[in-house]
Each structure stands twice: as C-alpha cells, then as structure tokens.
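A quick write-up on the structure given underneath.
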Amino acid sequence: MVQGHTASDFKAALRTMLTRLYNLLSGLFPKNVQAFLVSLLAVLILPLAPLLAEFTIDGRIESQSWTATGVTFTAAIALASRNQLVLILGMVGAALLAFVYGIELTFSEMARRGHEIQPLDVSSYASLISARPAECVIGATAVVHVFERIGRHLIEGKAFLEL
C-alpha cells in the first residue's frame, strides 16, 4: 500500500471508480446488462491486465506469468462461484497449475545454475508442458464464469455490487 493511504482509502477509491463506471453505463444499457458488463470488466479483464502489460512491454508473455496468473485467477473465480462443481473443478485446476508452476520454477532455476536439463522421457509430462495448460485453464475458467454471470445478472437481474 502506498505510504499515507489506508485500506479504507483504497476501498473508497475503488467504490468511487465503480460507481462512476456504473453511472456512465446507466444511460446506455438496462441495469442487468450494466451489472453483467461491469462484472466482466472487474472479474475477468482487470485480473488479466498484468499479462497485457507484460505483452506490451516485452512483446511476449512468459510461461511462468501465464501459470502464476492461472493459479490465482482460477482459484479466485472458483471461490466466487455459487456452483459447487465449479468450485471443485476450479480448485483442482488451480492445484494442477501450481504443480506446473513448481516444475517451471525448478527447471528455470536449474538452467540458471548451469545444470544440464535432460528432456523428460515421460511423454505425458512433455505434452502437459507443451499443451500450454495455463492458457487452457484460464480460458475454460473465463467461459464458465461468463455463463455464470449471464445467469446471475442477465437472467436473475442481480446487481454486481450493492452500493
């Protein structure tokens, strides 16, 4: 946290920002559509912004960045879900990505120290790493979450935040 600012200052600023966005959209869309769009922005787009920043700066996104983001993104979406199956599958996905992240860090550290890294003979591990599991899990999580939000905001008419 920035020196001189408290958690309540941050909370107030976030609330102000979301309220302004809500007010901007209020004239363009019905309230349930507004809630849906704000939900997608706040829950899907903003958490992935660091990946966009890395791509903008470096022209690529490191595998470890995808995986670390996938762990936290998937766990957060799973914990926010009202569906128990989504919760369980999300936590399993996050745990698998945490395992992959550990493998990536280990290989990276071994290479940094000058150890020769032998290719894995087990084809299942090689296909796991080459299949880009983080991108797959992030994508699947986002799709499931969009459908959940369609139900919550567009069908049930629930607000994103109760201000």
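Read the figures in this text as sums done on the coordinates, not as results from a lab. Because the structure is predicted, anything quoted here is derived from the model rather than measured. Counting neighbours? That spans all protein chains shown, and the Cβs are built from the backbone with ideal geometry, glycine included.
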How do Arg60, Arg132, Arg149 line up, fewest other C-beta atoms within 10 Å first? Arg60, Arg132, Arg149
Can you tell me the alpha carbon radius of gyration of segment 7-155 divided by the globular rule-of-thumb value 2.2 N^0.38 Å? 1.28
